[in-house]
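The values are calculated or read from the model by the stated rules, or taken from the named source; none is laboratory data. Note that this is a predicted model, so its numbers are computed, not measured. A quick note on method: Cβ atoms are made from the backbone with ideal geometry, for glycine too, and the neighbour counts reach across all protein chains shown. To get the accessible areas, we keep the full protein, side chains included, count just its heavy atoms, and leave off ligands, DNA and RNA. Shrake-Rupley method; radii C 1.70, N 1.55, O 1.52, S 1.80 Å.
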Amino acid sequence: SQQGEEDPQALSIQEGENATMNCSYKTSINNLQWYRQNSGRGLVHLILIRSNEREKHSGRLRVTLDTSKKSSSLLITASRAADTASYFCVLDSGGYQKVTFGTGTKLQVIP
Amino acid sequence: GAVVSQHPSWVICKSGTSVKIECRSLDFQATTMFWYRQFPKQSLMLMATSNEGSKATYEQGVEKDKFLINHASLTLSTLTVTSAHPEDSSFYICSARPWTGEQPQHFGDGTRLSIL
């Protein structure tokens, strides 16, 4: 099974700035999801984008998907210290197939 | 919305102990559940697919006899780490997807296992 490659591996920004992280993959997907994980905690589902969608918004989050390039990006606008966490893209082939996680981006937002 | 409950949240025990982790789908039935493992500062790696009423499917490199999976009902899967050793210390997370199939996976809150 494939694993998504995320970049950057780590990102440190000042509060108020925007944060962008990218996910690339190799095979076809039904949908792609982004999750947040605070240190040592469970996963929080952020947003799901289907393969026939190109862009999706949710609050301060903006996700794009380019299936021709097999890549997705997550943009967090006006970042806050509480956004400090690891972010994972999750590749979903749909149905009852397993999902696979990206390598993750560790975001630090400095107050 | 769909909820997956995982228990316990954390376990600390002595080497040689067997530890059971439960994963329950609270408001939907799941014929398939998934178990993941996460080492510190790393991503989540799929360990096995738990199938209700049949044997689990393990990923390459995962010891079947070490990590026993039982999926006896449509709402409960258990992962037992047998004779746990310090190298088994990790964060374990389960997930399940509602029947409809088009919904995202729902994850438990994870279990932090520390073997002394």
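Ignoring ligands, DNA and RNA, what percent of the 1.4 Å accessible area of chain B is carbon and sulfur?
About 53 percent, which is the carbon plus sulfur part of the accessible surface.
Could you go through the stretch B:18-27 in sequence order and give the Karplus-derived ³J(HN,Hα) for each residue, using 6.51 cos²θ - 1.76 cosθ + 1.60 with θ = phi - 60°, rounded to whole Hz, and x for Gly and Pro?
Values, residue by residue: 9, 10, 10, 10, 9, 10, 10, 8, 7, 10 Hz.
Determine, at each q value in 0.07, 0.11 (inverse angstroms), the log₁₀ of I(q)/I(0) that the Debye formula gives when each Cα of the protein assembly as shown is one equal point scatterer.
Reported log10 I(q)/I(0), two decimals: -0.22, -0.55.
Across the stretch A:27-35, in residue order, what do the Karplus-derived ³J(HN,Hα) couplings come to in whole Hz, using 6.51 cos²θ - 1.76 cosθ + 1.60 with θ = phi - 60° and x for Gly and Pro?
Listing the rounded values in order: 10, 6, 10, 8, 7, 10, 10, 10, 10 Hz.
How large is ³J(HN,Hα) for each residue in the stretch B:34-40, as worked out from phi by the Karplus curve 6.51 cos²θ - 1.76 cosθ + 1.60 (θ = phi - 60°), to whole Hz, x for Gly and Pro?
Residue by residue, the stretch B:34-40 yields 10, 10, 10, 10, 9, 7, x Hz.
Just counting partner chain Cβ atoms within 10 Å, what average do the residues of peptide B:48-54 show around their Cβ?
For this peptide, the per-residue mean of nearby foreign Cβ atoms is 1.
Please give the per residue accessible area of chain A, computed with a probe of 1.4 Å over protein heavy atoms only, in Å².
48 Å²
Once you keep just the Cα pairs under 8 angstrom separated by 6 or more residues, what percentage relative contact order results for the stretch A:1-81?
Rounded, it is 33 percent for the stretch A:1-81.
Using a 10 Å cut-off around each Cβ of peptide A:34-42, what is the average number of partner chain Cβ atoms that fall inside?
For peptide A:34-42, the averaged partner shielding equals 4.
Counting heavy atoms of the protein chains only and a 1.4 Å probe, report the per residue accessible area for chain B as a whole number of Å².
Here the residues of chain B average 49 Å² of exposed surface.
Just the number, please: Stokes-Einstein D of chain A in µm²/s, Kirkwood Rh from C-alpha pairs, 25 °C, 0.890 mPa s.
For the chosen part, D equals 176 µm²/s.
Work from the charge dipole of chain B (Cβ charges, +1 for Lys and Arg, -1 for Asp and Glu, about the Cα centre) and give the residue of B:Pro8, B:Ser77, B:Leu46 farthest towards its positive end.
Among B:Pro8, B:Ser77, B:Leu46, the one farthest towards the positive end of the dipole of chain B is B:Pro8.
To the nearest 10 square angstrom, how much accessible area does A:Lys56 have with a 1.4 angstrom probe?
Probe radius 1.4 Å; accessible area of A:Lys56 about 70 Å².
Leaving ligands and nucleic acids out of the surface, order B:His85, B:His7, B:His71 by accessible area at 1.4 Å, largest first.
Descending accessible area places them as B:His7, B:His85, B:His71.
Please find, in a Gaussian network model of chain B (springs between Cα atoms separated by less than 10 Å), the residue of B:Gln38, B:Gln103, B:Gln29 whose mean-square fluctuation is greatest.
Highest fluctuation among the options: B:Gln103.
Once ligands and nucleic acids are excluded and a 1.4 Å probe is used, how much of A:Ser58 is accessible, expressed in Å² to the nearest 10?
50 Å²
Count, for each residue of A:3-13, the Cβ atoms from other chains sitting within 10 Å of its Cβ, then give me the mean as a whole number.
The per-residue average across the peptide is 1.
Which residue fluctuates most in the GNM of chain A (Cα springs below 10 Å): A:Ser79, A:Ser71, A:Ser28?
A:Ser28
Tally up the carbon and sulfur contribution to the accessible surface of chain A as a whole percent, 1.4 Å probe, everything protein left in place.
44 percent
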